[in-house]
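As structure tokens, the structure follows; a few thoughts come after it.
Just so you know, all these numbers are worked out from the coordinates, no wet-lab data involved. All values derive from a computational prediction rather than experimental measurement. Cβ sites come from the backbone with ideal geometry, for glycine too, and all protein chains shown count toward neighbours.
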Amino acid sequence: VVNPRTGDIVIDLGVFEYGDIPKDEIRFDDRVAIITGAGGGLGRTYALELAKRGAKVVVNDLGGARDGSGKGSSSAADKVVEEIKKAGGEAVANYDNVATAKGGENIVKSAVKAFGKVDILINNAGILRDKSFLKMEPENWDAVMAVHLQGAYNVTRPAFKVMKENGYGRIIMTTSAAGLYGNFGQTNYSSAKMALVGFMNTLKLEGGKYDIKVNTIAPIAASRLTEDIMPPDIFAKMAPEYVSAMTLYLCSDRCPVNGNIYNAGMGFFNRAAVITGPGVVLAGGEDGFPTAEAIRDNLPRVSALKNGKPYYQLNDQVGDAMTALMNPPSAD
Ligand code: NAD
């Protein structure tokens, strides 16, 4: 694509040709969905909306406190199941802990037992243990990793097996702007949330040929996780219902993308991606290898993101590096 103002050739990162996508209502009839941490907040909203559109839903929630402490209670998941049933939908509750391998297996088993399969998995369960870095003791690091990262692994692995056998699946990872961009006091949470992006990046490749698509949502919503972070007037405009359209679409059989990240909140949606710049080949020093001084002298060119692109997989980056190397060094 040529930029009409500057004449630069730019890669259009935003517009995809998806072909003919039917414009009828997006339905989930005969689909079975597992939503972890669906006893409140965003997960509850996803569960209600999916059920309203015909999905059979497993509402998982261990019902613990915001920081993951406490014994847990079945009432959070039960209430959402009741809401779904009252509205004429189908759902079962599950109280397992995503942070254990056994818990993950049980969640998937309860879907298969109740509804015979798993088509959709939304990895949504989460806790917070915010501390500035030196106060971040190992137990606060580990607890957050266990729920967000191991939790997604524990549930996704048995779910992926069922999806692969059936030749269909939609998996959602839940990241956060804290992980994508950084947020003071959340080294544990940011690490876990960004790790889920890496998890998606590879799983999307492994699931592709079985029509298993893996995408990631970075929500912003009023919930107990954000009630003390957001000013009250903004909090009121951030109902989780403003997020669910994106999550639902990514869960649908119409979803054309695999491996994308979307920010969603307050009715605003945009795509986030790891963009890689075009780079530069640097000539070697006396021993033939590029020097630290060459990096210093060329840092703006090495760092430039203009005409950057989001690679689909590792080989794309290696391919571009090889192509650049086959041309003579363009800087010294
Ligand atoms: P929430 O606290 O209302 O929901 C999280 C749910 O997960 C709770 O009901 C909790 O009981 C459940 N849960 C916690 N640990 C669990 C475990 N081990 N096993 C099973 N269930 C467990 O918070 P929310 O804001 O709705 O968060 C949902 C997801 O969205 C989380 O992954 C969170 O990190 C992410 N997120 C939220 C925001 C936001 O602005 N609210 C922003 C970025 C990311």
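Just a few scattered comments:
- Computed packing ranks the peptides 239-252, 47-60, 136-149 as 47-60, 239-252, 136-149, most packed first, by mean other Cβ atoms within 10 Å.
- With θ taken as phi - 60° and the Karplus curve 6.51 cos²θ - 1.76 cosθ + 1.60 applied, the whole-hertz 3J(HN,Hα) list for segment 54-70 is x, 6, 8, 10, 9, 8, 8, 6, 8, x, x, 7, 4, 8, x, 7, x Hz, x standing for glycine and proline.
- Scattering curve values for the chain, log₁₀ I(q)/I(0), Debye with Cα scatterers, q = 0.06, 0.07 Å⁻¹: -0.25, -0.34
- Inter-site label distance for Asp24 and Phe268 at 7 Å from Cα along Cβ, in nm: 3.6
- Potential extension, Ala65-Glu241 segment - 0.36 nm per residue separation minus Cα distance: 61.1 nm
- Eligible aspartates and glutamates near Lys135 by straight Cα distance, threshold 17 Å, same-chain separation 8 or greater: Asp67
- Under 30 Å from Lys113, Cα to Cα: lysines that are on another chain or at least 8 residues apart: Lys52, Lys56, Lys71, Lys79, Lys85, Lys86, Lys102, Lys161, Lys164, Lys204, Lys209, Lys213
- Residue of Ile171, Ile217, Ile26 that the Gaussian network model of the chain assigns the largest fluctuation, springs spanning Cα pairs under 10 Å: Ile26
- Placed amide H near Lys213: partners under 5 Å, 5+ positions off or other chain: Gly169, Arg170, Ile171
- The value of relative contact order for the chain, using C-alpha pairs under 8 Å at least six residues apart, is 14 percent.
- Counting only DSSP beta bridges with both residues in the chain, the antiparallel share comes to about 20 percent.
- Between Asp320 and Lys135, the simple spin-label model (points 7 angstrom out along Cα→Cβ) gives 4.1 nm.
- Most to least packed among 110-120, 62-72 [average Cβ atoms within 10 Å]: 110-120, 62-72
- For segment 83-97, 3J(HN,Hα) per residue [Karplus equation, 6.51 cos²θ - 1.76 cosθ + 1.60, θ = phi - 60°, Hz, x = Gly/Pro]: 4, 5, 5, 4, 7, x, x, 10, 7, 10, 8, 9, 10, 6, 8
- Cα gyration tensor category, rounded, prolate or oblate, for segment 49-154 with a/c compared to 1.5: prolate
- Relative contact order of segment 49-133, pairs being alpha-carbon contacts under 8 Å that are 6 or more residues apart, as %: 31
- Taking a ≥ b ≥ c as the square roots of the eigenvalues of the Cα gyration tensor, segment 82-228 is prolate, since a/c reaches 1.5 or more and a/b is larger than b/c.
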